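Have a look at the structure below before the remarks.
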Amino acid sequence: MSSLNYSPLAKEEEVYWTEKESLGMNIVVKEEEEEDFSDKVASLASSTIVPFRHTPPIRGGRYVSAGESPKPHRKTSCSVKFRVELTLSFVTNGELMTKFTGFVADADVEPTPLRNLKNHEKIHTGEKPYHCSQCGKGFRHPAKLKRHERIHTGEKPYHCSQCGKSFNRLGNLKKHERIHTGEKPYHCSQCGKCFNWPADLKRHERIHTGEKPYHCSQCGKIFNQSGSLKAHERIHTGEKPYHCSHCAKRFIQLGSLKEHMRVHTGEKPYHCSQCAKRFTHLGNLKEHKRLHTGEKPYHCSRCSKRFTHLGNLKAHERIHTGEKPYHCSHCGKRFNYSGKLKEHMRLHTGEKPYKCSDCGKTYYSSQSLKHHVRIHTGENNYFS
């Protein structure tokens, strides 16, 4: 911490506390009475500015005298430190002169521009003075508003030099570049899994800790990712911000829209390395691979029967519980499988979507068609 250097001022000089953004402290202009000024300046000059943790700027042109720290206009429990420069300026012969300079804060903190302190304070006050003209969303910093506006404009000013892919955020470009370099500098201390972004590591670590810090204010459901919470909240609000440009179908999550778009494009980006079969969804590929590996990770707690798919396990468990959640709206008959209900509904609608390629006969269900085909193949003596 540095003391204030002092040189006596002429009697006729007018003295002001001034606001100087580049130097750091927000000092409000205030004129002092001539007879009181000399004593106050002498006291100030002989003192050392008392270090203080994050407090709001001085208000009302108050002096900071020996043993006194700037009085905050509101209380805060934040321990973030700032070291901002305090300058006393005065006017003589119509010219603004700077006379005293000192620092307010701990000496081990690097000098910080006033804007950093002001921006930080908005976290506590909740102030968001910068608003998007398109959607009205508020932001604490103009830079964040500018970045947000790219969502509306579609601007992507950051380009990958390897593949030419464009991004609307510099951080996303840096993250993407690690795909080319293979760099994964962030490691999980529990299982050793590596990540190319610290946020991905932090999110992964919640798997080990079981932490779910994000809570739904509507139903109390908790999540380990903020994105999952946001997507969940749309269930309550009914918001579906992502819409298909081909059929106008709307979705709660961007990932769901991307998967849906493959219906129109025919894209199947996931392929099996064993048989080269291709799939639209990654989950479908993972389930398919279990046919090759024989893996059945889902087992029944009642009879220990095992299943390849979670859906099959849930359907099987209804045998034990007797639950039949699917009911016919025409006759009230209930079923424990949604597929059984769909087949049953065809009795009412008359729909027969399964057709024999040999004789053209149609059936309500695929199973009925399979039985019929055996008549042509002679595989078994089943009758239609």
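The values are calculated or read from the model by the stated rules, or taken from the named source; none is laboratory data. Bear in mind the structure is a predicted one, so any value in this text is a computation, not a measurement. Here the Cβ is made from the backbone with ideal geometry for all residues, glycine too, and neighbour counts use every protein chain on show.
Just one of the listed residues (E233, E295, E239, E211) is acidic (D, E), surrounded by 15 or more Cβ atoms within 10 Å (Cβ to Cβ) and more than 26 Å from H176 (Cβ to Cβ), and it is E233.
Number of residues in region 303-312 that are modelled with pLDDT under 90 and not polar (S, T, N, Q): the value is 3. Here T280 passes the criteria (1) at pLDDT 90 or above; (2) surrounded by 14 or more Cβ atoms within 10 Å (Cβ to Cβ) except the one numbered (1).
When C244 is tested against (1) touching a strand residue (DSSP E or B) at 6+ places or on another chain (Cβ under 6 Å); (2) surrounded by 14 or more Cβ atoms within 10 Å (Cβ to Cβ), exactly one condition is not met: (1).
For region 161-198, the set of residues classified as part of a helix (DSSP H, G or I) and either in contact with a Leu (Cβ under 6 Å, 6 or more places away or on another chain) or not β-branched (V, I, T) (or both) consists of L170, G171, N172, L173, K174, K175, H176, E177, R178, H180, P198, listed by residue number. With respect to C194, determine if the residue is under 30 Å from T237 (Cβ atoms) and either buried (at least 16 other Cβ atoms within 10 Å of the Cβ) or at pLDDT 90 or above (or both). Answer is no for this residue. Considering only residues that are surrounded by fewer than 13 Cβ atoms within 10 Å (Cβ to Cβ) and farther than 16 Å from C300 by Cβ, which ones fall in region 312-326? The answer is P325, and nothing else.
Does T362 satisfy the condition of being polar (S, T, N, Q) and crowded, with 16+ Cβ neighbours inside 10 Å? Criteria not met by T362. Anything in region 150-176 that is surrounded by 11 or more Cβ atoms within 10 Å (Cβ to Cβ) and among the polar types (S, T, N, Q)? List them, or say none. Once the filter is applied, which keeps residues that are surrounded by 11 or more Cβ atoms within 10 Å (Cβ to Cβ) and among the polar types (S, T, N, Q), region 150-176 yields Q162, S166, N168, N172. One residue stands out among those in region 334-359 that are surrounded by 14 or more Cβ atoms within 10 Å (Cβ to Cβ) and farther than 22 Å from N312 by Cβ: the one that is nearest to the chain's Cα centre (by Cα), which is R346.
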